[in-house]
1. Regarding Glu62, is this residue farther than 20 Å from Ile183 by Cβ, modelled with pLDDT of 95 or more and open to solvent by 30 Å² or more (accessible area, probe 1.4 Å)?
2. Restricting attention to the stretch 34-60, which residues are over 14 Å from Pro92 (Cβ atoms) and in contact (Cβ under 8 Å) with a residue 40 or more places away in the chain?
3. Within the stretch 135-155, which residues are under 17 Å from the mean Cα position of the chain (by Cα), over 15 Å from Ala223 (Cα atoms) and surrounded by 20 or more Cβ atoms within 10 Å (Cβ to Cβ)?
4. Taking the condition of being farther than 21 Å from Val200 by Cβ and out of contact with any Ser or Thr (no Cβ under 8 Å at 6 or more places or on another chain), how many residues in the stretch 133-168 meet it?
5. Name every residue in the stretch 256-272 that is within 18 Å of Phe221 (Cβ to Cβ) and open to solvent by less than 50 Å² (accessible area, probe 1.4 Å), in order of residue number.
6. Could you pull out the residue among Ala110, Ala119, Ala208, Ala199 that is at pLDDT below 95, under 18 Å from the mean Cα position of the chain (by Cα) and hydrophobic (A, V, I, L, M, F, W, C)?
7. Every residue in the stretch 114-146 that is over 20 Å from Pro182 (Cα atoms) and either out of contact with any Cys (no Cβ under 9 Å at 6 or more places or on another chain) or among the β-branched types (Val, Ile, Thr) (or both), please.
Amino acid sequence: PDRRNSCRGSPKLSVATTRTQNVFDDEGNVARLAEYRHELERNPDNIGVIQRMASMLRVAGEYGEALQFYQRAAAHERGDGVANALTPGRNPWGIDIACLRWLLGDRRQALQEMHGMVAGILDGSISYGDAAGGVSQGLLLYYMAVTTGERREASFALEYFKNRVDQLRGVHSNLLQVWPCPIARYYLGDIEFESVMRAVNRIPTVRANPTTLELGRRRKFVAALFHDGTKQRAHGDEEGCITRMRECAGLDNTRIDQEWYLARHEVERAKQ
C-alpha cells in the first residue's frame, strides 16, 4: 500500500453516536418481516419485497440470508431484457453482494468480485458507478486489499484512482464537489483529511456532531471516517484504524452504505 501523505497525525474526531439496535428487537419489524415472507410465498417474484427483505436482514446482521435475497434481486434484474436494453452495462447489486461475502468471511471471493467491477468499469463492460465514474468500487477494493495484505490489488486500486481523477479533471473545475473523488485524492496524497471533511461539511473542521447533518452529508461522513481508518491501517496504525471504525459504526442512523456495515464488522472482530 502507498506510504505517501502519512495520516498518522490525522485529527481526532468527536462524534456523537447512538445505540445500535437489531431490527428484530422491534416487534413491528418482526411483523413486517413475517408479512414479507408470506407475500413471497404467494408471489416469489415480487422484486420490491425481495429488496426490502435483503435490506432488513442485512441491518439485522443476518448476512447469509441477506446475501440470498440480494442474489435473487440481482438475478431478477439481469433477466429484465427491457431494462438491460435501455441501460446496458449494469451490474445490479454487485457491490452489496461482494460486501456481504466479505462480511461472511469469504474474503477471497469478495476481493475477486470487487476487482472484477473495477476492471469492468475500466474496460467499459460496466457503465454505471457513481457521480465520480465508479470511484466507490475502487475505494472498497482498496479497503479489501489493504486488510488482506494484497499489495498488488492495493496498487491496482491506487492506479485506478489516478485514472478516475484524471478523467474527472477534464470535466469538473472543483473535484471536491464530486463525491467520493475527495477520498480517492486523499488516498493518493493529493489532499489532507481536512479537505475531505470540507467536502463533507463545507468546513475543514473534523469536530462535528454528524447526527445533526442531513442524510446525504451523514453518509459522506461515514465514508470519510471509514476510509481515513483504512488509510491508517495502510500505514501500519491499526489502533488508529479501529478508532475510526468505532466512530463510523457508532453513527447508527446511517445504515445504508457499505462502509457502515464493514466498520461494524471491524469493531466486532476487534472485540474477539
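The values are calculated or read from the model by the stated rules, or taken from the named source; none is laboratory data. Note that the coordinates shown come from a computational prediction; the quantities given were computed from them, not determined experimentally. Every residue, glycine as well, gets a Cβ built from its backbone with ideal geometry; the counts of neighbours run over all protein chains shown. Remember, those area values only see protein heavy atoms, side chains included, never the ligands or the DNA or RNA. Shrake-Rupley method; radii C 1.70, N 1.55, O 1.52, S 1.80 Å.
1. no
2. Result: Arg58, Val59.
3. Ala145, Val146, Ala154
4. 20
5. Selection gives Asp257, Gln258, Glu259, Trp260, Tyr261, Leu262, Ala263, Arg264, Glu266, Val267.
6. Ala199
7. Passing the criteria: His115, Gly116, Met117, Ala119, Gly120, Asp123, Gly124, Ser125, Ile126, Ser127.
Here's the yes/no breakdown for (1) open to solvent by 20 Å² or more (accessible area, probe 1.4 Å); (2) free of Cβ contacts under 8 Å to residues at least 40 places away in the same chain; (3) closer than 18 Å to Ile191 by Cβ; (4) assigned to a helix (DSSP H, G or I):
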position: Leu100; (1), (2), (3), (4): no, no, no, yes
position: Met117; (1), (2), (3), (4): no, yes, no, yes
position: Asp130; (1), (2), (3), (4): yes, no, no, no
position: Asn163; (1), (2), (3), (4): yes, no, yes, yes
